[in-house]
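Working notes, beginning with the structure itself.
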Amino acid sequence: MKKSNLKKLNDAYADRFGFSMPEKSLINFGFGLSEKVIAAISDAKQEPTWMKEFRLQSLQTFYQKKMPNWGPSLEEIDFDKIRYFIKDTDIEKRTWNDVPKEIKDTFDRLGVPQAERDFLAGVKAQYNSEVAYSSLQKELDEQGIIFCSMEEALQKHEDLFKEYFAKLVPAADNKFAALNSAAWSGGSFVYIPPNTHVKRPLQSYFRINAARMGQFERTLIIADEGSNAHYVEGCTAPVYSEYSLHAAVVEVFVKRNARFRYTTIQNWSGNIYNLVTKRAKVFADGVMEWVDGNLGAKTTMKYPSCFLVEEGAYGEMLSIAYAKNNQIQDTGAKMLHLAKNTSSKIIAKSVSIAGGRSNYRGLVYVSKAASNSKSKVECDALILDSKSATATYPDMKIAGDNASVAHEASVSEIEEEKLFYLMSRGLNKIEAMTLLVAGFIEPIVKELPLEYAVELNRLIELEMEGSVG
Amino acid sequence: MLKIKNLQVSLNKKNILDKIDLSVKSGETHILMGQNGAGKSTLAQSIMGNPNYLVKGEINFNSHDLLILDPQQRAALGIFLSFQQILEIPGVKIYDYLKLLYKKSHEKKLTPIKFKEFLKERMEILNFNEDFIKRSLNHGFSGGEKKKMEILQMLILEPKLIILDEIDSGLDVDAIEVVAKAVNFLKKEKQSSVLLITHYSRILKFLEIDFVHLLSSGKIIKEGDASLVTDIENKGFASFLKK
């Protein structure tokens with residue numbers, strides 16, 4: 001890609017997504033990590049002692065853990081140049097009238113109101129490190145559903161919180177889970193009572209607004225027996241030249257017969273390391289579906305997993321990775337079959353353009369106890385030019401009897417004949433490419449809420465304009 | 001309208017067409033016949049601008065030099081080619097796609113409701129049912145459905161020059177009649193010209209034919225009016241080749 005094109009693309013991004021509002025932080029801990037900073041985060045949140053101790057222990061774990069060396073390079077991350085906590089508003093705002101104007105402006109430019117019109121009552125938006133606004137839908141309250149910030153959940157539902165928090169992703173899981181455990185701030189807590197069906201998606205927006213700010217949100221979801229819900233999070237971020245880090249942890253418990261879907265569209269700006277640990281534990285006949293779209297970031301490492309711990313549990317992963325401008329999307333899924341008659345499906349699609357690199361990295365594990373289990377993995381990669389690359393690292397460990405595990409992988413290019421066909425109907429090259437790329441990812445996009453699907457297709461068009469020529 | 005002069009076309013250094021002269025005037029219907037491998041599809045693809053072919057000579061369309069234009073620009077001038085090998089484009093919704101084609105080919109904008117009406121009217125010509133537009137472009141279509149999908153695109157684009165490459169192959173007689181109806185519709189409404197490539201005379205009884213060209217081994221060896229079709233039908237291609 002020519003430099004001018006790259007600039008144009010960045011400008012287009014800056015115009016559409018990349019902007020920053022003036023920072024007005026009330027508490028600012030400056031840069032770097034220390035026991036003092038971690039203790040101060042805990043104190044500012046007025047946390048119980050056990051959480052403060054958990055944070056401080058996690059910090060030690062973080063110091064001990066090595067950087068992961070099996071994937072993309074993370075050498076450029078400088079933990080001393082990251083700000084670990086910015087508190088923007090002291091209290092959560094209940095109605096839109098109370099929300100500060102500049103935060104509303106941010107949402108306007110992000111296009112949040114569009115989604116909000118449909119899902120107003122379900123919107124939870126995070127501004128900098130803390131939840132800035134939450135308007136809980138009346139019917140959620142009536143159904144006994146808890147949907148609030150993690151901070152609020154810790155204050156108001158401490159027992160429930162403590163029973164599940166860090167039980168699925170312990171601090172020692174990996175270096176970035178440890179960092180999140182020490183410095184976590186913000187994120188959503190969701191509890192769905194037994195046999196409760198939530199009709200509309202629970203929606204949350206996260207974004208990074210302060211330069212050199214780490215964002216360590218933490219999400220904990222418990223879908224109790226026989227319940228059914230869909231959680232949606234979408235992210236866009238401003239363009240900054242400094243390196244930034246997003247290290248989130250998501251834990252989802254899907255109880256017997258429950259069904260839960262977790263949809264993420266992430267479009268971090270090109271300077272951010274997006275290193276997220278997402279894990280679900282699925283009990284008997286439960287269904288967990290991850291829908292995950294990774295469009296931005298400098299480097300993404302994300303492998304949502306399902307621990308299928310009881311008979312009949314099902315885990316599914318549908319993912320799109322879009323790597324451009326030397327970005328690395330190292331994504332995939334892990335399905336761990338730990339009980340008999342469990343099943344899983346992974347469909348991973350990737351598009352690489354303008355020097356982008358997409359890796360599929362996945363694991364299917366069938367334990368000795370998991371007889372008669374089934375798994376299907378399908379990876380399709382689309383490469384749009386010779387500067388871009390893709391690779392597949394599938395790992396399969398099968399110990400259980402009578403397991404059926406299938407893996408299919410394909411790598412394709414845009415076929416000249418198809419371009420000619422579409423151009424002969426009057427489309428220019430950008431339009432033709434956009435159609436072909438959109439068509440390639442359509443099986444995943446159709447699973448997204450409508451406004452996300454529309455926005456995703458617009459994004460692809462924008463990027464084709466910047467990249468083709 | 002379309003003027004081809006001394007056209008030479010090669011693919012991978014192999015000569016396919018040689019010294020082709022062909023003129024199609026506004027509103028005329030021309031038939032191009034010939035055995036397999038005679039170069040019929042190559043001629044059609046060359047007019048449309050397939051980048052795989054090396055083309056020498058002249059192709060002019062309404063006094064534009066087509067050879068310096070890319071396929072999109074040729075389409076914008078009003079040239080349409082229905083492909084013999086129709087590619088499947090998974091994931092591209094027909095409705096959205098046709099809306100885009102309309103936008104690209106018409107200056108006058110239509111409201112979504114008006115476009116739906118326009119599309120419905122065009123689909124009725126082809127006896128397409130409404131659910132059809134929810135599918136992906138050509139994806140999983142039968143041979144006949146693909147051909148009709150090409151014709152639907154033609155009806156949306158409303159081209160000035162319609163090139164049909166074996167549109168009748170693999171269609172039953174009812175479908176052939178429907179396709180001819182669509183072509184006649186545009187001939188009447190838009191005074192479109194037609195260049196139709198075929199092996200069979202079946203479709204010809206539904207169309208008024210002005211000229212017939214017989215292509216053999218890359219050269220036009222015989223030209224005439226509609227009666228030439230009957231001649232070819234009766235005597236076979238071979239007897240023309242001997243002369």
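The values are calculated or read from the model by the stated rules, or taken from the named source; none is laboratory data. Not measured: the values here are computed from a predicted model. All Cβ positions, even for glycine, are placed from backbone atoms using ideal geometry, and neighbour counts span all protein chains on display.
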Quiz item: Given (1) within 14 Å of another protein chain (Cβ to nearest Cβ); (2) modelled with pLDDT of 95 or more; (3) in contact with a strand residue (DSSP E or B) (Cβ under 9 Å, 6 or more places away or on another chain), where does B:Leu67 come up short, assuming only one miss?
Solution: (1)
Self-check item: Which listed residue is among the basic types (Lys, Arg) and in contact (Cβ under 8 Å) with a residue 40 or more places away in the chain, from A:Lys340, A:Lys334, A:Lys374
Solution: A:Lys340
Quiz item: In segment A:243-262, is there at least one residue being within 20 Å of A:Ile347 (Cβ to Cβ), modelled with pLDDT under 95, touching a strand residue (DSSP E or B) at 6+ places or on another chain (Cβ under 6 Å) and in the same structural domain as A:His157 (by TED's automatic domain parsing)?
Solution: no
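Can you pull out the strands (runs of 3 or more DSSP E) entirely within segment A:359-466 that have at least 2 residues that are at pLDDT 90 or above, out of contact with any strand residue (DSSP E or B) (no Cβ under 6 Å at 6 or more places or on another chain) and within 11 Å of another protein chain (Cβ to nearest Cβ)?
Where strands (runs of 3 or more DSSP E) fall fully within segment A:359-466, none carries at least 2 residues being at pLDDT 90 or above, out of contact with any strand residue (DSSP E or B) (no Cβ under 6 Å at 6 or more places or on another chain) and within 11 Å of another protein chain (Cβ to nearest Cβ).
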Quiz item: Could you say whether any residue in segment B:20-41 is touching a strand residue (DSSP E or B) at 6+ places or on another chain (Cβ under 6 Å), within 14 Å of another protein chain (Cβ to nearest Cβ) and modelled with pLDDT of 95 or more?
Solution: yes
Quiz item: Identify, please: which residue in segment A:297-317 is among the aliphatic types (A, V, I, L, M) and either buried (at least 24 other Cβ atoms within 10 Å of the Cβ) or assigned by TED's automatic domain parsing to the domain that holds A:Lys278 (or both) and is, among those, farthest from A:Glu378 (Cα to Cα)?
Solution: A:Ala297
Quiz item: Where residues in segment B:89-104 are under 22 Å from the mean Cα position of the chain (by Cα) and of a type in the set (D, E, K, R), which of them is nearest to the other protein chains (Cβ to nearest Cβ)?
Solution: B:Lys104
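Every residue, every condition in (1) in a loop (DSSP other than H, G, I, E, B); (2) crowded, with 21+ Cβ neighbours inside 10 Å; (3) in contact with a helix residue (DSSP H, G or I) (Cβ under 6 Å, 6 or more places away or on another chain); (4) aliphatic (A, V, I, L, M), yes or no:
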position: B:Glu145; (1), (2), (3), (4): no, no, no, no
position: B:Met149; (1), (2), (3), (4): no, yes, no, yes
position: B:Ile156; (1), (2), (3), (4): no, yes, yes, yes
position: B:Pro159; (1), (2), (3), (4): yes, yes, no, no
position: B:Asp168; (1), (2), (3), (4): yes, yes, yes, no
position: B:Asn184; (1), (2), (3), (4): no, no, no, no
position: B:Leu196; (1), (2), (3), (4): no, yes, no, yes
position: B:His213; (1), (2), (3), (4): no, yes, no, no
Quiz item: Just checking, which of B:Ile47, B:Ile79, B:Ile16, B:Ile86 is within 19 Å of B:Ser217 (Cα to Cα) and under 18 Å from the mean Cα position of the chain (by Cα)?
Solution: B:Ile47
Self-check item: Candidates B:Glu124, B:Glu107, filtered to the one that is surrounded by fewer than 18 Cβ atoms within 10 Å (Cβ to Cβ), part of a helix (DSSP H, G or I) and more than 12 Å from chain A (Cβ to nearest Cβ)
Solution: B:Glu124
Quiz item: Is it true that B:Leu119 is of a type in the set (A, V, I, L, M) and surrounded by fewer than 16 Cβ atoms within 10 Å (Cβ to Cβ)?
Solution: no
